[in-house]
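S.K.: Provided herewith is a single structure, encoded as structure tokens, for subsequent inquiry.
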Amino acid sequence: EALAMQEKALDIGRRTLGSDHDHVALSLLNLGAGYREQGRLEDALGRYEEGLGIVRRIHPERNVMEGKFLASIGNIYTEQGRLDDALAWYKKAHRIYRKTLGAESAEVGRELG
């Protein structure tokens with residue numbers, strides 16, 4: 001039921017803010033996490049991919065949110081046993097974190113957890 005409410009909130013956000021907005025992307029990240037917790041990996045992956053597309057459109061210069069989506073996609077692939085794919089997504093996330101947070105930032109390690 002909580003995910004259904006989050007989906008409704010996402011729809012409202014899209015109508016009021018437009019589809020390409022940081023809040024919509026954040027809602028998609030949170031929905032993806034919720035679906036992942038329920039084992040609904042394909043639903044989670046779909047939300048993450050959609051959110052990644054939004055973030056890339058509105059922040060072509062790259063930002064931390066992009067890294068969060070990349071790492072989240074890597075998590076899905078890990079849970080699916082697609083370890084080579086997961087590693088590729090984690091590497092992309094790592095590059096984004098190093099670029100946006102700084103190569104020596106302790107935050108890089110925290111983001112990749």
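S.K.: Which of the residues that make up the stretch 68-113 are touching a His at 6+ places or on another chain (Cβ under 8 Å) and open to solvent by less than 50 Å² (accessible area, probe 1.4 Å)?
M.R.: Val108
S.K.: Ok, one more. Might you let me know whether the stretch 20-31 holds any residue that is part of a helix (DSSP H, G or I), closer than 30 Å to Glu1 by Cα, in contact with a Gly (Cβ under 7 Å, 6 or more places away or on another chain) and β-branched (Val, Ile, Thr)?
M.R.: Taking every residue of the stretch 20-31 in turn, at least one turns out to be part of a helix (DSSP H, G or I), closer than 30 Å to Glu1 by Cα, in contact with a Gly (Cβ under 7 Å, 6 or more places away or on another chain) and β-branched (Val, Ile, Thr).
S.K.: Then there is this: Against the condition open to solvent by less than 60 Å² (accessible area, probe 1.4 Å) and part of a loop (DSSP other than H, G, I, E, B), how does Gly46 come out, does it pass?
M.R.: For Gly46, the condition - open to solvent by less than 60 Å² (accessible area, probe 1.4 Å) and part of a loop (DSSP other than H, G, I, E, B) - is not met.
S.K.: Report, ordered by the first and then the second residue, all pairs with beta carbons closer than 6 Å, sequence separation of six or more or different chains, a first member in the stretch 10-26 that is touching a residue at least 40 places away in the same chain (Cβ under 8 Å), and a second member that is assigned to a helix (DSSP H, G or I) and surrounded by 14 or more Cβ atoms within 10 Å (Cβ to Cβ).
M.R.: Listed pairs, sorted by first residue: Ala25/Gly51; Ala25/Ile54; Ala25/Val55.
S.K.: While we're looking at this one, here's another question. Can you tell me which residues in the stretch 1-34 are closer than 22 Å to Val64 by Cβ and among the hydroxyl-bearing types (Ser, Thr, Tyr)?
M.R.: Result: Ser19, Ser27.
S.K.: Next question. How about the stretch 49-95: which of its residues are charged (D, E, K, R), in a helix (DSSP H, G or I) and farther than 12 Å from Leu29 by Cβ?
M.R.: Arg56, Arg57, Glu79, Asp84, Asp85, Lys91, Lys92, Arg95
S.K.: Look through the stretch 22-34, keep the residues that are open to solvent by 10 Å² or more (accessible area, probe 1.4 Å) and over 11 Å from the mean Cα position of the chain (by Cα), and return whichever of them is nearest to Ile12 (Cα to Cα).
M.R.: The qualifying residue nearest to Ile12 (Cα to Cα) is His23.
The values are calculated or read from the model by the stated rules, or taken from the named source; none is laboratory data. Quick caveat, the model's predicted, so the values are computed rather than measured. Note that each Cβ is placed from the backbone with ideal geometry, even for glycine, and that neighbours are counted across all protein chains shown. Only protein heavy atoms, including side chains, enter the accessible area calculation; ligands, DNA and RNA are left aside. Shrake-Rupley method; radii C 1.70, N 1.55, O 1.52, S 1.80 Å.
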